[in-house]
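The values are calculated or read from the model by the stated rules, or taken from the named source; none is laboratory data. Keep in mind it's a predicted model, so treat the numbers as computed, not measured. Cβ placement follows ideal geometry from the backbone for every residue including glycine, while neighbour counts extend to all protein chains displayed.
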Amino acid sequence: MNLHKDTGDSLEPCKHMESMLNRTADGTAPSAMRWYALYHAAHCGRCGRFLKRVTLLIGQLHGLKAERCAETSEDGLTADRWESVEAQWAEIEK
């Protein structure tokens, strides 16, 4: 079942599906909306490609965030920056 004419090179989803696909990809879609978006994406090449790419992008962003959090202290400073701050404090305390 092909819902729409698909040239195979479109990166844009169907206009009426964009919000549903985004919410499905980021996990905020209610279950009925998610079901419909997945069903539609399975039968529409444009929306299927869009959902796949957005889901991949969100996963990559979460990965970068996790890396960034691992590199920083609780206050958000990198190890190098924290050393610089401590060195400046030591200089002031002399």
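Data table
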{"quantity": "Looking only at region 63-83, and only at residues there that are surrounded by 11 or more Cβ atoms within 10 Å (Cβ to Cβ) and either basic (Lys, Arg) or at pLDDT 75 or above (or both), the one that is nearest to residue 19 (Cα to Cα)", "calculated": "68"}
{"quantity": "Region 1-29, residues that are part of a loop (DSSP other than H, G, I, E, B) and modelled with pLDDT of 75 or more", "calculated": "11, 12, 13, 14, 27, 28, 29"}
{"quantity": "Selected residue (criterion: nearest to residue 63 (Cα to Cα)) from residues of region 8-40 that are touching a residue at least 24 places away in the same chain (Cβ under 8 Å) and of a type in the set (A, V, I, L, M, F, W, C)", "calculated": "25"}
